[in-house]
Amino acid sequence: MQPLKVFITGASSGIGAALAAHYAAQGARLGLVARRAEALAEISHKLPTETATYVADVADAPALAAAAGDFISRFGVPDIVIANAGISVGTLTEHAEDIGVFGRIMQTNVVGLAATFHPFIAPMREAGRGRLVGIASVAGLRGLPGAGAYSASKAAAIAYLEALRIELRPSGVKVVTVCPGYVATPMTAVNTYPMPFILPADVAARRIARVIEQGRRFAVVPWQMAIVARIMRFLPNPVFDRLFRRAGRKPRGLRL
């Protein structure tokens, strides 16, 4: 049996690094993308498997295309592509300086998905197989105060992935949308409010990998957060507004 071929963005920390470790333990051949060269090198050196690393920003479509081309030339068409790269920072529309932050978040969290998937779609379609996995968030199910840009980006990601799933359905290429709840990563380490059902990154990675293996169209991880997400989704607006008016908010001004 041939080893899996897996391409992961946002692989230098958090969920991405945990997914890389999970698939490496299975002997997969990996392509890892991240902006931070030193952190990416440190992660890759620890992995007991053949790994290609690419220092790139997912907002840079030509760089992603070059990375994809190199990966395919080395290992062949991937079995799994995981668009995991994302950024989260508190934003408030009344602050002029946050407008640029809005744009940066949307560029990374939404356009970055398309830039990651684009170079793989034609070879995967030709092969008649493969899984494109987008890491969205439960924050995309309702607009969370203080995180308007992040919530909007993840809502857009969910809608984009749904559209892509239908577009590729006849091809044999599956599109999987994963919405994690809270995961213990550098992204959540700055949060000063309670984070229910928070998972260690390695546990989250195992559960996400199980969702991918099952080829599910849409999943919330963990299952407890799936129940919360479903309730949130269908709460009447006046009730939602009252409940979340004083909800904890992610700090503004963090460096992206």
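How long are the three semi-axes of the equivalent ellipsoid of the chain, in whole Å, if each is the root of 5 times an eigenvalue of the C-alpha gyration tensor, listed from largest down? Spell out each step's value before the answer.
Working: eigenvalues 175, 76, 63 Å².
Largest first, the chain gives 30, 19, 18 Å.
For residue 111 and residue 162, what is the calculated FRET efficiency with R₀ set at 25 Å and r taken between the beta-carbons, to the nearest 0.05? Provide the component values of the computation, followed by the final result.
Working: r = 17 Å, r/R0 = 0.67.
Taking R0 as 25 Å, the efficiency between residue 111 and residue 162 is 0.90.
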For this session: For segment 72-231, calculate the relative contact order in percent as a whole number, restricting contacts to Cα pairs under 8 Å that are 6 or more residues apart.
Result: 22
Seminar exercise, completed: FRET efficiency for residue 60 and residue 233 from the Cβ-Cβ distance with R0 = 25 Å, rounded to 0.05, comes out at 0.15
Exercise. Taking a quarter of the surface of the Cα convex hull of segment 9-114, what do you get in nm²?
Worked result: 6.9
Seminar exercise, completed: If one compares the long axis through the Cα atoms of helix 97-106 with the longest principal axis of the Cα atoms of the chain, the angle in degrees, nearest 10, works out at 40
For this session: Could you state the angle between the C-alpha long axis of helix 112-127 and the longest principal axis of the C-alpha atoms of the chain, as a value from 0 to 90 degrees rounded to the nearest 10?
Result: 40
Problem set entry | Net +/- balance of residues flanking residue 22 in space, Cβ distance below 9 Å, scoring K and R +1, D and E -1 | 0
For this session: Could you tell me which GluC sites (Glu not before Pro) in segment 32-138 are loop residues by DSSP with no more than 10 other beta carbons within 10 angstrom of their beta carbon?
Result: 94
Exercise. Under 12 Å from a point 7 Å along the Cα-to-Cβ line of residue 2: which residues of segment 113-128 have their amide N that close?
Worked result: 124, 127-128
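At 0.36 nm per residue, and after removing the present C-alpha to C-alpha distance, how many nm does the segment from residue 129 to residue 74 gain when stretched out fully?
Working: separation 55, 0.36 × 55 = 19.80 nm, distance 1.85 nm.
Here the segment from residue 129 to residue 74 would lengthen by 17.9 nm.
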Problem set entry | Peptide ranges 148-156, 170-178 listed from the most packed, as the mean C-beta count within 10 angstrom indicates | 148-156, 170-178
Exercise. How long is the gain from residue 99 to residue 240 if the chain were fully straight, where each residue apart is worth 0.36 nm and the alpha carbon distance is subtracted?
Worked result: 48.2 nm
Exercise. Got a sec? Charge dipole of the chain, +1 on Cβ for Lys and Arg, -1 for Asp and Glu; which of 184, 229, 44 is way out at the positive end?
Worked result: 229
For this session: First select every other residue whose beta carbon is under 14 angstrom from the beta carbon of residue 174; then total the charges, Lys and Arg +1, Asp and Glu -1.
Result: +3
Exercise. Which residues in segment 54-88 have a backbone N closer than 16 Å to a point placed 7 Å from the Cα of residue 41 along the Cα-to-Cβ line?
Worked result: 54-56
Seminar exercise, completed: For residue 249 and residue 203, extending 7 Å from Cα along the Cα-Cβ vector and measuring point to point gives, in nm, a value of 3.0
Problem set entry | Charge dipole magnitude, Cβ of K and R +1, D and E -1 - segment 5-244, Cα centre, debye nearest 20 | 880
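Each reported figure results from applying straightforward, stated rules to the coordinates on display, with no laboratory input. Given the structure is predicted, the values throughout are model-derived calculations rather than measurements. Neighbour counts run over all protein chains shown; Cβ positions are idealised from the backbone, glycine included.
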